[in-house]
Amino acid sequence: MRTFTKFSLRFVAYLLVLGYLAGDLYVFNGPLNKRIQASNPNSLESIAEAKANGVVARVFNHHITRRQLEYAIHERLWLEGKKLSNLRPEKKKLVTYAALGDLIDHELLRVKVAVNTKQLPVSDAEIDARLQRFVGRFETKGHLESAMKSMGIMDENSLRNRIAARIQQEKYVAMRVDPLVMVSEQEISEFHETHRQKLAVPERIRASHIFISTLSKPSEEAEKTLARALSDLTAKTKKFTTLAKQLSDDTATKGKAGDLGWMSRARLPADFAESVFSLPKDSPTLVRTKLGWHLVIVTDRKGAKLRDLDECRQDIIDALTATKRHQAVSDFRSALRRFETAKIDIFHDLLEP
């Protein structure tokens, strides 16, 4: 009898628990149901929480935030020499979705690379070269640190890791795309006929410079240092070779009297090319760029000239390959995005101006 009573009480307790669970889950949305909903990334609660935290998109449930998107927009426009505030609303929308597309592709590729890491080694030399180019985009160390902070990068080691990851993604895309890119002899010949003028050897100059970066020192101090050097040159109390060794921050040229070699406009940053190509020969001049101050002297010039097919064959192959590869990469990224559509969530209402 006592055993039956215990069984009855236990059975009733089970029924009460099951009844509470059923009510929690299906009737009054209790704590258990809320917790389950919160753990489901596709629930209204999870989506609302993500939006409240500034999430504009999710890829494999990895969050892309408004801050990340704003930096990506800024970077895209910076490379084009534009500002968001100067764009019309429709252009702002196009830029916003283009930048978001880049971030989505980055996350998709990050997942793909994770299972192909051993096939995509990245050397310290590759990271160093990319890091140097990245740092060179900022006028001062403060601008660099501000950009890193906005991207959630706390120190140089974190920056190196992110650069390594980006290089691995590029190698993954190359591994999938490059075998598909081929150029025929007919395409080479037709390209030469159509672009004969553009394939001409462009105007070139040979120049030397003494460079002082403003990344870690005040612009005024760099300008004064090079102004004194210019005075020494003008007075012929010092030679350019000596001044380059003493003052230049350009380690690649300071030991060669600052010689930059033969250069076309296309090889140089726009702000530097505009100033240097307008200089008369053998006339040292101070030039300001976004990277720092230069004391530049043009030592020789060569005019443009046409080239026959054999002379520019490799240039044509490179140009056609680059164009085809760019399209192949775009097609690959589009296909990848379509294939993983179910894993991508974009909160369009948060992307409106």
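The values are calculated or read from the model by the stated rules, or taken from the named source; none is laboratory data. As the structure is a prediction and not an experimental result, all values here were calculated from the model. Backbone-built Cβ (ideal geometry, glycine too); neighbour counts: all protein chains shown.
Some points to look at:
- When residues of the stretch 41-60 are limited to those that are farther than 20 Å from Arg338 by Cβ and of a type in the set (D, E, K, R), the one modelled with the lowest pLDDT: Glu45
- Some residue of the stretch 189-206 being aliphatic (A, V, I, L, M), touching a Gly at 6+ places or on another chain (Cβ under 7 Å) and within 26 Å of Gly136 (Cβ to Cβ): no
- Pairs where the first residue, in the stretch 264-284, is within 21 Å of Lys305 (Cα to Cα) and the second is assigned to a loop (DSSP other than H, G, I, E, B) and not hydrophobic (A, V, I, L, M, F, W, C), C-beta under 6 Å, 6+ apart: Ser264/Pro202
- The stretch 213-238 - residue that is touching a helix residue (DSSP H, G or I) at 6+ places or on another chain (Cβ under 6 Å) and over 19 Å from Asp259 (Cα atoms) and, of those, surrounded by the most Cβ atoms within 10 Å (Cβ to Cβ): Thr214
- Scanning the stretch 239-278 for residues that are polar (S, T, N, Q) and part of a helix (DSSP H, G or I), we see that the one that is surrounded by the most Cβ atoms within 10 Å (Cβ to Cβ) is Ser275.
- Filter pass, Leu180 being touching a Leu at 6+ places or on another chain (Cβ under 8 Å), of a type outside the set (Gly, Ala, Ser) and touching a residue at least 24 places away in the same chain (Cβ under 8 Å): no
- Whether a residue is touching a helix residue (DSSP H, G or I) at 6+ places or on another chain (Cβ under 6 Å) and touching a residue at least 40 places away in the same chain (Cβ under 8 Å) was assessed, and Ile205 does not pass this test.
- Residue within the stretch 61-68 that is farther than 27 Å from Arg338 by Cβ, under 15 Å from the mean Cα position of the chain (by Cα) and either surrounded by fewer than 18 Cβ atoms within 10 Å (Cβ to Cβ) or of a type in the set (S, T, N, Q) (or both) present: no
- Selection within the stretch 221-260 - under 19 Å from Val298 (Cβ atoms) and either of a type in the set (Lys, Arg) or not assigned by TED's automatic domain parsing to the domain that holds Ser283 (or both): Lys236, Lys239, Lys254, Lys256
- Scanning the stretch 200-212 for residues that are buried (at least 19 other Cβ atoms within 10 Å of the Cβ) and either at pLDDT below 90 or not aliphatic (A, V, I, L, M) (or both) yields Ser208, His209, Phe211.
- The listed residues are Val95, Val113, and the only one of them that is hydrophobic (A, V, I, L, M, F, W, C), closer than 20 Å to Phe347 by Cβ and out of contact with any strand residue (DSSP E or B) (no Cβ under 7 Å at 6 or more places or on another chain) turns out to be Val95.
- Among the strands (runs of 3 or more DSSP E) confined to the stretch 279-353, the ones with at least 2 residues that are assigned by TED's automatic domain parsing to the domain that holds Trp262 and surrounded by 12 or more Cβ atoms within 10 Å (Cβ to Cβ) are located at 285-289, 292-302.
- For first residues located in the stretch 35-50 and under 20 Å from Ile64 (Cβ atoms) and surrounded by 12 or more Cβ atoms within 10 Å (Cβ to Cβ), partners that are at pLDDT below 60 and of a type outside the set (A, V, I, L, M) and lie 6+ apart or on another chain with Cβ distances below 6 Å form the pairs Ser43/Gln37; Glu45/Gln37.
- Number of residues in the stretch 155-194 that are farther than 27 Å from Lys118 by Cα and either outside any loop (DSSP other than H, G, I, E, B) or modelled with pLDDT under 85 (or both) equals 10.
- Residues that are free of Cβ contacts under 8 Å to residues at least 60 places away in the same chain and surrounded by 13 or more Cβ atoms within 10 Å (Cβ to Cβ), drawn from the stretch 99-115: Ala99, Asp102, Leu103, Glu107, Arg110, Val111, Val113
- Test: Gly255 is of a type outside the set (Ser, Thr, Tyr) and more than 30 Å from the chain's Cα centre (by Cα): yes
- Look at (1) more than 13 Å from the chain's Cα centre (by Cα); (2) within 27 Å of Asn53 (Cβ to Cβ) and you find that Asp128 fails only one, number (2).
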